[in-house]
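One structure is given here, and the rest of the page talks about it.
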Amino acid sequence: MISRLNREFALKTEPERRSAYADMLLSPVMHTDCTNARENGKSCQVYVCATPDGKALYFAREKKGHEGVTGTVTEDYQGILVHDHDITFYNYGADHQECLAHVLRYLKASIENEPDRTWNKKMHAQPSVVPA
């Protein structure tokens, strides 16, 4: 029953998903990431593509890398791509920015693993700068 519901949902939302895909290609910035998941009991990769206006599409793939990116918004995207250090993503988009959640994770790890350093603690203590 759940499988049938998923299939029915996918069919009924196809126009909205196509529209979101087209809108996302026009966004000046898009976030992309890949995470492990399970599909029908098998391991898979889920590619997430999201824009600042709240649109998000998810793509289940058997593999990572270029083969996994094929058919996702990332494959055709020409704006600023925000992502982690996955080298595959550097082949897509016109420019790149590292995801700040990953930067913060690296900073916290540096504080924990390099107690003799001071720059990391100073950087972490800086207040967030909010544009006016």
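The values are calculated or read from the model by the stated rules, or taken from the named source; none is laboratory data. These figures come from a predicted structure and were not determined experimentally. Note that we place each Cβ from the backbone using ideal geometry, even for glycine, and neighbour counts take in every protein chain shown. For accessibility, only protein heavy atoms count, side chains too; no ligands or nucleic acids. Shrake-Rupley method; radii C 1.70, N 1.55, O 1.52, S 1.80 Å.
Quick notes on this structure:
- Computed FRET value (nearest 0.05) for LYS63 with ALA125, which takes r as the C-beta separation and R₀ as 41 Å: 0.50
- FRET efficiency, 1/(1 + (r/R0)^6) with R0 25 Å, evaluated for TYR106 and GLN78 via beta carbons: 0.35
- Count Lys and Arg as plus one, Asp and Glu as minus one, and take only other residues whose Cβ is under 13 Å from that of THR88; the net charge is then -2.
- C-alpha long axis of helix 14-26 to longest principal axis of the chain, angle in °: 40 degrees
- Set of region 54-86 residues, backbone N closer than 15 Å to the point 7 Å along the Cα-Cβ line of GLU98: 82-86
- In the context of the full set of protein chains, residues of the chain present 71 Å² of accessible surface per residue (probe radius 1.4 Å, heavy atoms only).
- Helix 2-12 axis versus longest C-alpha principal axis of the chain: approximately 90°, rounded to the nearest ten.
- Extended-chain gain in nm, criterion 0.36 nm per residue less alpha-carbon gap, VAL29 and GLU14: 3.1 nm
- Mean Cβ neighbour count within 10 Å, used as a protection proxy, ranking 100-108, 51-59, 77-85, 7-15 highest first: 77-85, 51-59, 100-108, 7-15
- Helical content of the chain, expressed as a calculated mean residue ellipticity at 222 nm, amounts to -11000 deg cm²/dmol (DSSP H runs of 4 or more residues, -39,500 (n - 2.57) each, divided by residue number, nearest 500).
- Given (i) 1.06; (ii) 1.03; (iii) 0.94, the label whose value is Rg/Rh (Cα atoms, Kirkwood Rh) derived from this model: (i)
- For the residue pairs LYS42/LYS63; LYS42/LYS64; LYS55/LYS108, the alpha carbons lie more than 22 Å apart in LYS55/LYS108.
- Overall, the accessible surface of region 1-130 at a probe of 1.4 angstrom is composed of carbon and sulfur to the extent of 56 percent.
- In degrees, nearest ten, helix 100-113 long axis to first principal axis of the chain (Cα): 40 degrees
- Surrounding net charge for SER43, when Lys and Arg each add one and Asp and Glu each subtract one, Cβ distance under 12 Å: +3
- Across region 71-88, rounded Karplus estimates of 3J(HN,Hα) from the backbone phi angles (6.51 cos²θ - 1.76 cosθ + 1.60, θ = phi - 60°) give x, 9, 4, 4, 4, 9, 6, 10, x, 7, 9, 9, 7, 7, 8, 4, 4, 4 Hz, Gly and Pro being marked x.
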